[in-house]
1. Relative to the Cα centre, what is the charge dipole magnitude of the protein assembly as shown, using +1 at the beta carbon of each Lys and Arg, -1 at the beta carbon of each Asp and Glu, and rounding to the nearest 20 debye?
2. Going down the table (B:Lys193/B:Lys226; A:Lys233/B:Lys27; B:Lys119/B:Lys154), which pairs top 27 Å between alpha carbons?
3. Classify region A:2-214: rounded, prolate or oblate, from the alpha-carbon gyration tensor (a ≥ b ≥ c, eigenvalue square roots; a/c under 1.5 rounded; otherwise prolate if a/b is larger than b/c)?
4. How large is the direction-averaged shadow of the alpha-carbon convex hull of region A:192-261, in nm²?
5. Would you mind ranking A:Ser256, B:Ser212 so that the residue whose beta carbon has the fewest other beta carbons within 10 Å leads the list?
6. From the helices alone, meaning DSSP H stretches of at least four residues, give me the mean residue ellipticity at 222 nm for chain B, per-run term -39500 (n - 2.57), in deg cm²/dmol to the nearest 500.
7. GluC sites (Glu not before Pro), restricted to region A:154-224: which are DSSP loop and have at most 11 other Cβ atoms within 10 Å?
8. For a Förster distance of 25 Å, can you work out the FRET efficiency between the beta-carbons of A:Leu255 and A:Ser228, rounded to the nearest 0.05?
Amino acid sequence: MKIVVCVKQVPDTKGGVKFKPDGTLDRAAMLTIMNPDDKSGLEAALRLKDQYGAEVTVLTMGLPKADAVLREAMAMGADRGILVTDRVLGGADTWATSSTLAAAIKNLDYDLIITGRQAIDGDTAQVGPQISEHLDIPVISYAADIKIDGDYVIVRRQYDDRYHVLKVKMPCLITALQELNEPRYMTPGGIFDAFDKETTVWGRADLKELADENMGLAGSPTQIAKASDKVRKGAGEKVTPDSPQEGVEYIINKLSEKHVI
Amino acid sequence: MDFQLDAKHQMAVDLFKDFAEKEVKPKAIEVDETEVFPRDTVEKMQKYGFMGIAVPKEYGGQGCDPLTYVTCVEELSKVCGTTGVIVSAHSSLCCDPILQFGTEEQKQKYLVPLAKGEKLGAFALTEPGAGTDAQGAQTKAVLDGDEWVLNGSKCFITNGKEADVYIVIAVTQVDIDPKGRKKKKFSAFIVEKDTPGFTFGTKENKMGIRGSSTYELIFQDCRIPKDNLLGAEGKGFPIAMHTLDGGRIGIAAQALGIAEGALERTIEYTKERKQFGRSIAQQQNTQFQLANMATQVEAAKLLVYKAAMAKATQKDYGFEAAQAKLFAAETAMEVTTKCVQLFGGYGYIREYEVERMMRDAKITEIYEGTSEVQRMVISGALLR
């Protein structure tokens, strides 16, 4: 079985968010991590590899420094890493990103594609399902459990209040939830091996199936008008009324003061 | 000369830091309070290859280098000195001598499971009457047919009751020199747990590193196979000394980690703690103390990493190991003591953890060669 896992290098929110003067994220200046949902997707692939045997290829699109998430994935047990990077691919929205990743996947043999549900920087949850559309294969989102049965995957799709169990013929695409599993740690030897291996780097020229109008900033229907850091709220006011009645009166007075009511 | 870790070593540091924060730190107070060996944590470290970092892959290890191993002990010790020494004693004092001096059969039989994390190791040199003066050791081994028969006892053994494989140093010959003085010859042995005649004595109730299972080992007509002699007969003393050269780098890394852990917490605390209307970090005394400590810690780090690189590239690294251990241990003691002082009353309270770090730091000036022994090693090399 051949599994392709799509991962994204995202800002580590613990390190603080930094912006360029034009309002877009200054990715080069921020600490980065592997997107948590993607890491769970990778863990799911590695568990399938442990259980059934599989070749796991990790694919990412990003700046050259996104090579680090491929090394991390290989140190956890992935077999190979592919970085899609090119200046002309920069500024991509979800459409351009999914078009680009799908074009890269068309260069590969695969039975199963796993992506994270969504990335913690954009929170769109669009790229995984869009890739499946570009490849014309089924998608099962919000996977909380994955099993293999011959040519089929059996996936528990999680909702807030219920779940569906779906049996789908491969090839197909699954989007993984962080709750799917607890990703394994790397091993020290795995890290050393990952740095001994070569990663594959593909540029625009390697993506034959990608049309110019579907890539990069120019190929992105969505343009970000403005991004900003969260505005910090004031400390607020703490009051301890003696009775519920007094509390209600206090709130009503405040709301009237602010002309809310 | 480049003082930055390369990407590979940095990723390993990130791994150890992540593991230490998630798996080790939450248990550190309990391990200290209850003196319970952190078996769950050790099993996780075994699973992820932390117990065979510098052992070659052909012997079940991770195939990394001493620098990677040192950063592991350092990161673990930042949050828990006990966990740091468990890895250090196992790796430096048990895996390493088997790798250096063992036969191919011994490596396959003992090193492979130790490095894979299926077994835990320990090292037994110290005796009640023989600490710094290792020549005072009394434990004897006598060859009887195809077996060595061990009699005597060892004390203060780290990983004592929890280990599966022990390196034991014992007297195998007593020569009389031309002046009529007795000169003991030692040999090193590999002893398995549950060998008849091998039992455990007192568990030590310690000031620090309280979860590390420090026990007395007792040998009463303990018979082990002849093949369990490690290295040549009569070469036990140089084997023990060479092993301790490596061990000192591990303990230096533990000391470094303890100092760094205490300093990190203290920096955070001084920013939050307000006295006289401003944070104590805004007081110049605090600023100067932090500056001094950070500089000492950095110097210790450079010595420790240098010693690790010396172990990777040089046949003899005893001098570098002694300097690293001396400076890192004394730094750990000084820094943790000052950190407790900057915490004030809260520093004396267990919940704030710097007092544990101060208690843990003290042992690094004592075991695997006291600071005085390190000064003897260093000055001995200078005046040779």
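1. 1160 debye
2. A:Lys233/B:Lys27
3. rounded
4. Working: hull surface 53.2 nm².
Across all orientations, region A:192-261 yields a mean hull projection of 13.3 nm².
5. Working: A:Ser256 10, B:Ser212 28.
Exposure proxy ranking, most exposed first: A:Ser256, B:Ser212.
6. The per-residue figure over chain B is -15500 deg cm²/dmol.
7. Sites meeting the loop and neighbour criteria: A:Glu198.
8. Working: r = 28 Å, r/R0 = 1.10.
E(calc), rounded to 0.05, equals 0.35.
Coordinate-derived values only; no laboratory data. From a predicted model like this one, the values you see are computed outputs, not experimental measurements. Please note: Cβ atoms are built from the backbone with ideal geometry, for glycine as well, and neighbour counts cover all protein chains shown.
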